[in-house]
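Notes follow once the structure below has been shown.
The values are calculated or read from the model by the stated rules, or taken from the named source; none is laboratory data. Not measured: the values here are computed from a predicted model. Every residue, glycine as well, gets a Cβ built from its backbone with ideal geometry; the counts of neighbours run over all protein chains shown. Heavy atoms of the whole protein, side chains included, go into the accessibility calculation; ligands, DNA and RNA do not. Shrake-Rupley method; radii C 1.70, N 1.55, O 1.52, S 1.80 Å.
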Amino acid sequence: MRIRPETPTDRPAALAVTEAAFASRASGGRTVEAVLLERLWESPAYLPALSLVAEDDDGAICGYVITTRAHIGQVPSLGLGPIGVLPERQGQGIGRLLLEESIARATALDEPCLVLLGSPLIYGRFGFVRADERGVLPPEPAWGADFMVRALTGAPLPTGNFRYAPPFDAL
Ligand SMILES: CC(C)(COP(=O)(O)OP(=O)(O)OC[C@H]1O[C@@H](n2cnc3c(N)ncnc32)[C@H](O)[C@@H]1OP(=O)(O)O)[C@@H](O)C(=O)NCCC(=O)NCCS
């Protein structure tokens with residue numbers, strides 16, 4: 001298994017992985033997450049270095065994660081997600097590899113933090129903590145404990161209202 005940045009030729013596979021990973025939450029038709037991906041790829045918020053595929057030894061793409069430019073107040077920040085792994089490959093450590101590589105690459109880029117919406121049961125294992133208690137406020141107050149931040153440096157976190165990349169607003 002290899003984690004590497006996505007290239008444009010990986011996009012059909014990244015979409016297929018995302019569709020499959022989120023299909024059980026969709027009410028028929030395409031998943032919101034796959035539509036979002038297409039918009040993020042076309043957005044100025046797209047960061048090629050933080051768009052990662054998990055590639056099997058035989059070259060098959062079985063996981064995908066995207067992290068895009070976001071803001072906390074006026075300070076540039078990062079929003080992680082969607083992240084997805086093929087249903088038949090879940091629970092085998094692939095999501096962990098994608099998350100760890102996202103954290104390592106964002107840290108190397110000197111980014112202050114990563115922000116995401118997800119289950120504390122999963123992301124708490126990777127150093128994510130409830131964001132509003134650190135002064136990073138969710139776009140939707142109801143997100144509560146599911147809205148999380150992961151500091152990447154020793155510096156104090158930026159604080160204020162978090163804004164995802166504009167394509168998230170159109171969901
Ligand atoms: C969430 C997802 C990306 C995780 O990928 P994965 O390859 O299945 O996860 P891993 O096997 O690498 O597990 C990573 C860690 O999270 C934990 N974990 C994974 N799914 C979990 C769940 N549903 N509940 C609790 N813990 C979970 C694992 O136990 C593991 O921790 P450990 O290594 O300390 O045991 C994947 O399951 C998926 O695509 N789900 C459907 C789409 C989705 O929900 N995406 C995330 C939306 S926020």
Original post:
Any residue in region 31-49 that is in a helix (DSSP H, G or I), open to solvent by less than 50 Å² (accessible area, probe 1.4 Å), at pLDDT 95 or above and aromatic (Phe, Trp, Tyr)?
Top reply: yes
**OP:** Name the single residue, out of those in region 83-96 being touching a residue at least 12 places away in the same chain (Cβ under 8 Å) and either more than 7 Å from the ligand (Cβ to nearest atom) or among the acidic types (Asp, Glu) (or both), that is nearest to residue 16 (Cα to Cα).
**Re:** 86
Original post:
Restricting attention to region 108-136, which residues are away from the ligand (no atom under 16 Å from the Cβ), surrounded by 15 or more Cβ atoms within 10 Å (Cβ to Cβ) and closer than 15 Å to residue 68 by Cα?
Top reply: 111, 112, 113
**OP:** Would you please list the contacts, defined by Cβ atoms under 6 Å and residues six or more apart or on different chains, that run from a residue in region 104-121 that is closer than 17 Å to residue 138 by Cα and modelled with pLDDT under 95 to a residue that is among the hydrophobic types (A, V, I, L, M, F, W, C) and assigned to a helix (DSSP H, G or I)?
**Re:** none
**OP:** Of the conditions (1) closer than 16 Å to residue 98 by Cα; (2) free of Cβ contacts under 8 Å to residues at least 60 places away in the same chain; (3) part of a helix (DSSP H, G or I), residue 64 clears all except one; give me its number.
**Re:** (3)
Original post:
Does any residue of region 41-52 turn out to be within 13 Å of the ligand (Cβ to nearest atom), under 17 Å from residue 109 (Cβ atoms) and touching a strand residue (DSSP E or B) at 6+ places or on another chain (Cβ under 9 Å)?
Top reply: yes
Original post:
On the given criteria, is residue 80 assigned to a helix (DSSP H, G or I) and touching a residue at least 24 places away in the same chain (Cβ under 8 Å)?
Top reply: no
